[in-house]
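Worksheet: the structure to be examined is printed underneath.
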Amino acid sequence: MTDNSQNQRIYFTGMPEDVTEDEVRELFGGIGIISRIRQKRGFKDQWPWAIKLYKDDTGKLKGDGTVTFEDPAAANAAPDFFNGHEVRGKTIGVQMATMSENRYGADNNNGMSFGGGRGGRGGGG
């Protein structure tokens, strides 16, 4: 079993396909503060919300996505509170988001790249 105590992200599915980021923010913002994505410029209140609406290969919204909260407690409460909730006549599913165990391959070095192969000094000739 995965420890979700510090997980701040939820995954939702079953939303209407024309759902907007504002609707998602209003719904899930009712139980906690939704994070913003840090930008190099601008003020924090101008940064985009940490809401990801998934699209298919043609660019059409699929009705699912993720929301990242500032507080892990809000994220952990969201599935109990919103799973099975109705949004415009559609029943949504909500669960804690998980990262795939093997996202970067078997020997992943914690996702860090150390280069290799080409470049560097000497060589060449």
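Summary table
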read-out	value
Cα-projected label distance for residue 36 with residue 88, points at 7 Å along beta-carbon direction, nm	2.6
Accessible-area order (highest first, 1.4 angstrom probe) of the listed residues 43, 28	43, 28
Segment 1-88, Cα convex hull volume normalised per residue, Å³	127
Residues listed by number, segment 51-65, amide nitrogen under 14 Å from residue 17 label point at 7 Å toward C-beta	54-64
Loop trypsin sites (Lys or Arg not before Pro), segment 1-65, which have at most 11 other Cβ atoms in a 10 Å radius of their Cβ (DSSP)	38, 40, 41, 60
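The values are calculated or read from the model by the stated rules, or taken from the named source; none is laboratory data. Every value quoted in this text rests on a predicted model; they were computed, and no experiment measured them. Cβ: placed from backbone, ideal geometry, glycine included. Neighbour counts: every protein chain shown. The accessibility values were calculated without ligands, DNA or RNA, using every heavy atom of the protein model including side chains. Shrake-Rupley method; radii C 1.70, N 1.55, O 1.52, S 1.80 Å.
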